[in-house]
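Presented below is the structure to which this report refers.
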2 protein chains.
Amino acid sequence: MGLEVDGSIFVPVERLGRQLTAIYQAWGMPAALITPTVDIMLAADTSGIDSHGASMMFLYERLREAGNITMTPRIEVIHDTPVAAVVDGGQGLGHAPSVRATHLAIDKAKALGVGIVTVRNSNHYGAAGAYALMMAKAGLIGVSMTAVAKPTVVPQAGKVAMFGTNPIAFAAPARRNPPFLLDMATSTVALGKLTISARAGVSVPEGWALDADGQPVTDPNIGLLHRLLTPLGATRLMGGHKGYGLAIMVEILSTTLAGSAFGVLREANQPGAQNLDVGHFFLAIDPSTLRPDGGFEDDLDAMIDALRATPPVDPAIPVQVAGDPEYRAAARRSVEGIPIPPLLAGELAAIAERAGAPFLLNDG
Amino acid sequence: MGLEVDGSIFVPVERLGRQLTAIYQAWGMPAALITPTVDIMLAADTSGIDSHGASMMFLYERLREAGNITMTPRIEVIHDTPVAAVVDGGQGLGHAPSVRATHLAIDKAKALGVGIVTVRNSNHYGAAGAYALMMAKAGLIGVSMTAVAKPTVVPQAGKVAMFGTNPIAFAAPARRNPPFLLDMATSTVALGKLTISARAGVSVPEGWALDADGQPVTDPNIGLLHRLLTPLGATRLMGGHKGYGLAIMVEILSTTLAGSAFGVLREANQPGAQNLDVGHFFLAIDPSTLRPDGGFEDDLDAMIDALRATPPVDPAIPVQVAGDPEYRAAARRSVEGIPIPPLLAGELAAIAERAGAPFLLNDG
């Protein structure tokens, strides 16, 4: 998760937000879209999900220059029922339409007990968990999933990538504890883990990545060359068909149910087009709809406490629940600031310069 | 999956149904409950999920004798809204209240687009996929999950079992293809895989099961002694925290959202009570609610076809999609009958005799 390295500068969250805002302004994004976009990006950086925050600006610049995304999308609710809606992202970045979709799902769940909203014609939306957590902070069970433009994950028994890392995020509100918050790729690891291993000059476990013949690789540089990740479970023997099945589930809910195209099919028909129409899925459930006794949050506290008290294999490594590392990172970073490694600081400076925006990260 | 062994008898589905019906009648279960119970059990046996059909009668007999379940439960809808409901299983087997819950979820989804129903005060409900498939056959996206009475799965980094295999089933309707049907335990493997390996005298891969110190075992007999399975991913390095997170998600939706107690906590307060209050979760979504263009089923066909056409690692092992093995088994078994190994035939004969029911499997 963390990419903290020597020479990192520690930037207050607010200042990093001003930096991202300045670049988006220079790119011509309207203020009403900048706010949700930057909020979601900062949520990732604050929570230690360094791969999905400010470090994405390099990709976003490239998508913008290639004409894959517009900074002035027309985001519209194109279909709306009491429990469901479809949002068209207007071929912009995914954050703003996804925040809108999340609020719609929350409103529907508050009114009738459940809300399902899909987004189509969108693009990268940051960390899936940020949307699920928004729902949990509103007192709801929240689910967020997304398809991914660039395929990197093979079906079990296949040697060509057909999916992205298709994440699943699930959050649920407790009373004493912070919300339970699961945010996981359905691949064994994300590509970023290969990058980190390559930089550190260490090999990767067999099962993380494959070569062009579908054989496991342990050299992360060869892995990064082929960009073929395994679904969670890695091999048939260890349950790779399960991770593959979950990836399809995410793709069906995010793509097929949103009216987006399955990326590899669109790419086959129209090269370069796979980036144009990414879909997302959001589900909110009001627990009080099924637990009118109001006991959901207390029962979840009891479960979380019991899980944390599980006797550990290694006494030095206590059992955690999903979300713990993110909340720990957020507590630390809200005080210390976000660590920005030198490479990223340089990239952001260059992006700001190319955009004609000020570079603000060194300001005291 | 398959437990086919030498000396198996092949029993027509209809006759196996008569056998199960005769035992339930002798146990005093009312006819209105026998029908859904036997239907769901036969769906498992027909689909090759041998661990969740007739082979469960031994457990059901034991639960009945121990007073953990009643054969005359009062199954009630104790809470009902336009999009959600809670069913009380009345401390019987899980199949009948779960069929009722599935129909409720289907009716709600047909009316408003989505239906969520939980079941509490229930017990073992057979194969999760059977309920998801009922929803898909009704033209809906179907989700079914369940908690499990007996804990066998450790949290990542823990050495005490806190969950059952907490399965996730997800089905979605296509047009030309049979429904997509994922039915997976959130553990690396089910306990049955250790049993099969022990019978065959072969070792199991490191990562399937642990000993009492939380160390991996490769002797399936030692694994069966400790009954400590890993969550999907097996180790921290290979994503075991993801399978653990999914297990919690299933537990929250099936247990906490149903108002059932977390099994290990109930057991701690009241020994022997963990069997008394198992919860399930059902979600149905009408795809036409989000895809009024009616394109969902065709788009899913295109995705399924593309996945099957993925270049395989081994040309002899084509890429499949979830559900393929079950549909193949169903096509064969509807003609050949259900293979009943000698051990199971003997068990069913003994159960029938103890119940005072006729043994029907040898009838021509």
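The values are calculated or read from the model by the stated rules, or taken from the named source; none is laboratory data. Only a predicted model underlies this, so the values are computations on that prediction, with no experimental measurement involved. Cβ atoms come from the backbone with ideal geometry, glycine included; neighbour counts cover every protein chain shown.
Give A:50, A:45, A:39 a once-over and let me know the one that is within 22 Å of residue A:323 (Cβ to Cβ) and modelled with pLDDT under 95.
A:50
Would you mind stating whether residue A:180 is out of contact with any Asp or Glu (no Cβ under 7 Å at 6 or more places or on another chain), assigned by TED's automatic domain parsing to the domain that holds residue A:296, in contact (Cβ under 8 Å) with a residue 60 or more places away in the chain and among the aromatic types (Phe, Trp, Tyr)?
So residue A:180 fits the description; yes.
I need every pair where a residue in region A:229-257 that is over 11 Å from residue B:322 (Cβ atoms) has its Cβ under 7 Å from the Cβ of a residue that is at pLDDT below 95 and assigned to a helix (DSSP H, G or I), sequence separation at least 6 or different chains.
The qualifying pairs are A:229/A:191.
Select from region A:138-159 the residues that are touching a Ser or Thr at 6+ places or on another chain (Cβ under 7 Å) and in contact (Cβ under 8 Å) with a residue 60 or more places away in the chain and write down the one among them that is surrounded by the fewest Cβ atoms within 10 Å (Cβ to Cβ).
The extreme case among them is A:152.
Assess whether residue B:188 counts as being crowded, with 19+ Cβ neighbours inside 10 Å, closer than 28 Å to residue B:142 by Cβ, under 23 Å from the mean Cα position of the chain (by Cα) and free of Cβ contacts under 8 Å to residues at least 40 places away in the same chain.
no
Is region A:124-137 home to any residue that is on the phi < 0 side of the Ramachandran plot, among the charged types (D, E, K, R) and surrounded by fewer than 24 Cβ atoms within 10 Å (Cβ to Cβ)?
yes
Please work out which one of (1) within 30 Å of residue B:65 (Cβ to Cβ); (2) in a loop (DSSP other than H, G, I, E, B); (3) within 11 Å of chain A (Cβ to nearest Cβ) is the condition residue B:247 fails and give its number.
Checking residue B:247 against (1) within 30 Å of residue B:65 (Cβ to Cβ); (2) in a loop (DSSP other than H, G, I, E, B); (3) within 11 Å of chain A (Cβ to nearest Cβ), the one that fails is (2).
Among the candidates B:287, B:312, single out the residue that is over 22 Å from residue B:130 (Cα atoms) and either at the interface with chain A (Cβ under 7 Å from one of its Cβ atoms) or modelled with pLDDT under 95 (or both).
Within the list B:287, B:312, the selection yields B:312.
Is one or more of the residues making up region A:348-359 facing chain B (nearest Cβ under 10 Å) and out of contact with any Pro (no Cβ under 7 Å at 6 or more places or on another chain)?
no
Among (1) touching a residue at least 12 places away in the same chain (Cβ under 8 Å); (2) of a type in the set (A, V, I, L, M, F, W, C); (3) within 19 Å of residue B:125 (Cβ to Cβ); (4) touching a strand residue (DSSP E or B) at 6+ places or on another chain (Cβ under 7 Å), where does residue B:83 come up short?
(3)
When region B:315-334 is examined, which residues are found to be of a type outside the set (Phe, Trp, Tyr) and either surrounded by fewer than 13 Cβ atoms within 10 Å (Cβ to Cβ) or more than 14 Å from every other protein chain (Cβ to nearest Cβ) (or both)?
Within region B:315-334, B:315, B:316, B:317, B:328, B:329, B:330, B:331, B:332, B:333, B:334 meet the criteria.
Scan region B:194-218 for residues that are facing chain A (nearest Cβ under 10 Å) and surrounded by 17 or more Cβ atoms within 10 Å (Cβ to Cβ) and jot them down.
Scanning region B:194-218 gives B:204, B:207, B:208, B:210, B:214.
Among residues belonging to region A:290-309 that are free of Cβ contacts under 8 Å to residues at least 12 places away in the same chain and more than 9 Å from chain B (Cβ to nearest Cβ), point out the one that is surrounded by the most Cβ atoms within 10 Å (Cβ to Cβ).
A:309
So if I check each of B:166, B:177, which one is modelled with pLDDT of 95 or more and within 19 Å of residue B:301 (Cα to Cα)?
From the options B:166, B:177, the qualifying one is B:177.
For the condition under 20 Å from residue B:240 (Cα atoms) and within 12 Å of chain B (Cβ to nearest Cβ), what is the one hit in A:256, A:230?
Result of the check over A:256, A:230: A:230.
Within region A:113-154, which residues are touching a helix residue (DSSP H, G or I) at 6+ places or on another chain (Cβ under 8 Å), of a type in the set (A, V, I, L, M) and outside any loop (DSSP other than H, G, I, E, B)?
The answer is A:114, A:116, A:117, A:119, A:130, A:133, A:134, A:135, A:141, A:143, A:145, A:153.
Looking at (1) in contact (Cβ under 8 Å) with a residue 12 or more places away in the chain; (2) more than 23 Å from the chain's Cα centre (by Cα); (3) not assigned by TED's automatic domain parsing to the domain that holds residue B:140, can you tell me which one residue B:194 breaks?
(2)
Mind listing just one residue for me: the one in region A:43-71 that is polar (S, T, N, Q) and out of contact with any Leu (no Cβ under 8 Å at 6 or more places or on another chain) and, of those, farthest from residue A:335 (Cα to Cα)?
A:70
Can you pull out every residue in region B:167-184 that is in a loop (DSSP other than H, G, I, E, B) and either closer than 15 Å to residue B:134 by Cα or at the interface with chain A (Cβ under 8 Å from one of its Cβ atoms) (or both)?
B:173, B:174, B:178, B:179
Name the single residue, out of those in region B:160-175 being closer than 29 Å to residue A:315 by Cβ and surrounded by 24 or more Cβ atoms within 10 Å (Cβ to Cβ), that is farthest from the chain's Cα centre (by Cα).
Taking the candidates together, the pick is B:162.
Would it be correct to say that residue A:112 is outside the structural domain of residue A:42 (by TED's automatic domain parsing), closer than 20 Å to residue A:50 by Cα and at pLDDT 95 or above?
no
For region A:260-289, enumerate the residues that are farther than 30 Å from residue B:252 by Cα, of a type outside the set (A, V, I, L, M) and crowded, with 18+ Cβ neighbours inside 10 Å.
Selection gives A:260, A:262, A:263, A:266, A:267, A:274, A:275, A:277.
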